[in-house]
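The values are calculated or read from the model by the stated rules, or taken from the named source; none is laboratory data. Quantities reported herein were computed from a predicted structural model and do not represent experimental measurements. Virtual Cβ from ideal backbone geometry, glycine too; neighbours counted across all protein chains shown. These area figures cover heavy atoms from the full protein model, side chains too; ligands, DNA and RNA do not enter into them. Shrake-Rupley method; radii C 1.70, N 1.55, O 1.52, S 1.80 Å.
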Amino acid sequence: MKKNFLYKSIKNEWQKFHSKKNNKKIKLHEPTFGVEEIFNFTKQLITTNVTMGKQVESFEKKICDKFGFKYAVSSNSGSSANLLMISALMSNLYSKRLKKNDEIIVSALAWSTSIFPLTQYGLKPVFVDCNLKTMNIDIQQVKKAISKKTKGILAIPIYGNPCEMVELMKICKKNNLVLLEDTCESMGAKYNGNFLGGFGLASSFSFYFSHHITCLEGGVTVTNDFELSEIMKIIRSHGWIRNIEGKKKWVKNYPKIDPNFLFVNEGYNLRLTEPQARMGMIQIKKLDNFLKKRRKNAKYLTSLMEEFSDLFIFQEEKKESFHSWFGFTVIIKDIKVIDRNTLCNFLNKNKIETRVIVSGNFVSQPVVRTFKHRVVGNLTNASKIMTNGFSIGIHQNLGNNQIKYIYDVFKKFLKREHLL
Ligand SMILES: Cc1ncc(COP(=O)(O)O)c(C=O)c1O
């Protein structure tokens with residue numbers, strides 16, 4: 001790339017700002033973007049072509065090429081990507097649409113906006129427990145939860161750790177269910193060598209700032225189903241047909257309405273912008289390298305932390321899986337032995353950031369009382385992850401010294417508590 005005055009100025013400003021930062025802190029996440037993305041973002045702004053257009057189209061194509069999906073419909077967040085997936089699935093335009101009160105089985109260990117599109121569209125989430133080691137939906141519980149009303153399963157690989165996709169696909173096939181994936185935490189993760197996101201009817205990804213790659217905010221829904229992709233494009237943009245391939249049949253049926261303002265389904269404005277898409281195209285080139293670093297860090301930290309495995313549970317990566325390590329999770333085996341707040345405060349004082357794992361056992365969140373749902377079995381593991389679990393960063397900017405430092409701080413704490 002030609003390093004012109006604008007590029008050099010951005011680089012200069014970036015270096016001035018970031019040289020002041022205290023790098024010792026082990027953050028949950030650090031920016032995946034830098035000078036190149038800001039330069040390209042700015043160049044796109046200068047063109048004044050900012051609303052969804054050619055760049056967004058190219059970005060969607062890049063996503064399809066990279067992961068082997070047929071159709072990608074980008075949007076302004078992972079939450080919107082989930083909303084598009086469910087609203088299209090419920091649309092009158094969709095030939096295989098689901099109906100109100102149909103049940104969707106989902107792990108209780110979930111993110112809030114994995115669930116809300118279901119309930120907003122009148123689907124009933126059926127919550128089941130997860131496995132304590134993988135943190136993903138428990139297959140036996142899924143089997144128990146199937147009723148006459150069950151129409152689908154929503155798989156949410158936690159922190160980039162693939163769910164048991166072959167088992168889930170078998171259950172779906174046997175019971176005629178749709179398989180959906182919320183892979184917002186799992187970009188680049190694979191199961192049996194295949195990228196997550198392509199196993200079911202549709203899947204969502206997030207480009208939020210803290211995720212594997214970012215467009216500041218952003219998301220994408222992917223599918224191999226042309227009809228669904230067209231409906232998502234309609235819903236993404238006001239409910240009009242302007243951005244779909246199959247415009248002709250609509251135009252023919254409504255010759256008196258301007259095709260640019262022909263509205264055929266209820267919709268929103270959930271679009272990604274051109275500068276964001278241009279940024280995303282640079283980010284996607286960097287994904288493999290980021291994943292390599294996350295996986296290397298996770299492997300090293302897991303090997304060090306094994307020493308403390310009497311006290312903690314660390315996330316298990318199954319042999320079929322290629323985990324994309326959104327973060328490193330720690331579950332305290334017994335909170336009578338180690339108090340979570342005391343440990344997290346100690347870590348935070350030693351400049352290691354912590355957070356709870358997704359939304360915890362979502363059934364215990366007050367909002368769940370406001371919508372129809374069903375719970376199958378006890379949710380012991382999801383509850384334990386909520387009360388005993390937390391996560392720390394394992395991102396692309398950490399090196400061996402910082403990973404070793406995390407281990408040293410844990411060791412210091414355990415010695416202080418006379419647990420070693
Ligand atoms: C599993 C899952 N789904 C959906 C989302 C929503 O993504 P966004 O923050 O881009 O709206 C997140 C957010 O981190 C998530 O973890």
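State whether the residues of region 149-166 include one that is of a type in the set (Asp, Glu), in contact with a Leu (Cβ under 8 Å, 6 or more places away or on another chain) and not in a helix (DSSP H, G or I).
no
Considering region 201-223 alone, what residues qualify as being open to solvent by 20 Å² or more (accessible area, probe 1.4 Å) and more than 14 Å from the ligand (Cβ to nearest atom)?
LEU201
Considering each of THR354, THR370 in turn, give the residue that is of a type in the set (Val, Ile, Thr) and touching a Leu at 6+ places or on another chain (Cβ under 6 Å).
Going through THR354, THR370 in turn, just one is of a type in the set (Val, Ile, Thr) and touching a Leu at 6+ places or on another chain (Cβ under 6 Å): THR354.
Is at least one residue of region 46-67 within 16 Å of the ligand (Cβ to nearest atom), outside the structural domain of LEU379 (by TED's automatic domain parsing) and either open to solvent by less than 70 Å² (accessible area, probe 1.4 Å) or in contact with a Gly (Cβ under 8 Å, 6 or more places away or on another chain) (or both)?
yes
Let me confirm something: among THR183, THR150, which residue is crowded, with 24+ Cβ neighbours inside 10 Å, free of Cβ contacts under 8 Å to residues at least 60 places away in the same chain and polar (S, T, N, Q)?
Result of the check over THR183, THR150: THR183.
If the requirement is being in contact with a Pro (Cβ under 8 Å, 6 or more places away or on another chain), assigned by TED's automatic domain parsing to the domain that holds LYS99, of a type in the set (Asp, Glu) and assigned to a loop (DSSP other than H, G, I, E, B), which of these qualifies: GLU185, GLU245, GLU217?
Checking each option against the conditions leaves just GLU185.
How many residues does region 355-370 contain that are open to solvent by 30 Å² or more (accessible area, probe 1.4 Å), touching a residue at least 24 places away in the same chain (Cβ under 8 Å) and touching a helix residue (DSSP H, G or I) at 6+ places or on another chain (Cβ under 8 Å)?
Of the residues in region 355-370, 4 are open to solvent by 30 Å² or more (accessible area, probe 1.4 Å), touching a residue at least 24 places away in the same chain (Cβ under 8 Å) and touching a helix residue (DSSP H, G or I) at 6+ places or on another chain (Cβ under 8 Å).
Among (1) under 30 Å from VAL35 (Cα atoms); (2) of a type in the set (Asp, Glu); (3) crowded, with 16+ Cβ neighbours inside 10 Å, where does ASP288 come up short?
(3)
Does any residue in region 87-114 that is in the same structural domain as TYR208 (by TED's automatic domain parsing) and open to solvent by 20 Å² or more (accessible area, probe 1.4 Å) come within less than 6 Å, Cβ to Cβ, of a residue that is within 16 Å of the ligand (Cβ to nearest atom) and part of a helix (DSSP H, G or I) six or more places away or on a different chain, and which pairs are these?
Here the result reads THR113/SER79; THR113/ASN82, each pair linking region 87-114 to a residue that is within 16 Å of the ligand (Cβ to nearest atom) and part of a helix (DSSP H, G or I).
For GLY399, which of the numbered conditions (1) modelled with pLDDT of 95 or more; (2) over 22 Å from the mean Cα position of the chain (by Cα); (3) open to solvent by 70 Å² or more (accessible area, probe 1.4 Å) fails to hold?
GLY399 satisfies every listed condition except (3).
Yes or no: LYS293 more than 15 Å from ILE385 (Cβ to Cβ), open to solvent by 30 Å² or more (accessible area, probe 1.4 Å) and in a loop (DSSP other than H, G, I, E, B)?
Considered against the rule, which asks whether it is more than 15 Å from ILE385 (Cβ to Cβ), open to solvent by 30 Å² or more (accessible area, probe 1.4 Å) and in a loop (DSSP other than H, G, I, E, B), LYS293 comes out as no.
Does region 15-25 contain any residue that is crowded, with 17+ Cβ neighbours inside 10 Å and either modelled with pLDDT of 95 or more or not assigned by TED's automatic domain parsing to the domain that holds LEU179 (or both)?
Checked region 15-25: no residue is crowded, with 17+ Cβ neighbours inside 10 Å and either modelled with pLDDT of 95 or more or not assigned by TED's automatic domain parsing to the domain that holds LEU179 (or both).
Can ASN76 be described as farther than 17 Å from VAL358 by Cβ, within 16 Å of the ligand (Cβ to nearest atom), under 17 Å from the mean Cα position of the chain (by Cα) and outside the structural domain of GLY389 (by TED's automatic domain parsing)?
yes
Filter region 129-158 down to the residues that are closer than 24 Å to ARG97 by Cα and away from the ligand (no atom under 16 Å from the Cβ) and list them by number.
VAL142, LYS143, ALA145, ILE146, SER147, LYS148, LYS149, THR150, LYS151, GLY152
Residues that are under 28 Å from PRO366 (Cα atoms): which strands (runs of 3 or more DSSP E) entirely in region 32-133 hold 1 or more of them?
103-107, 124-128
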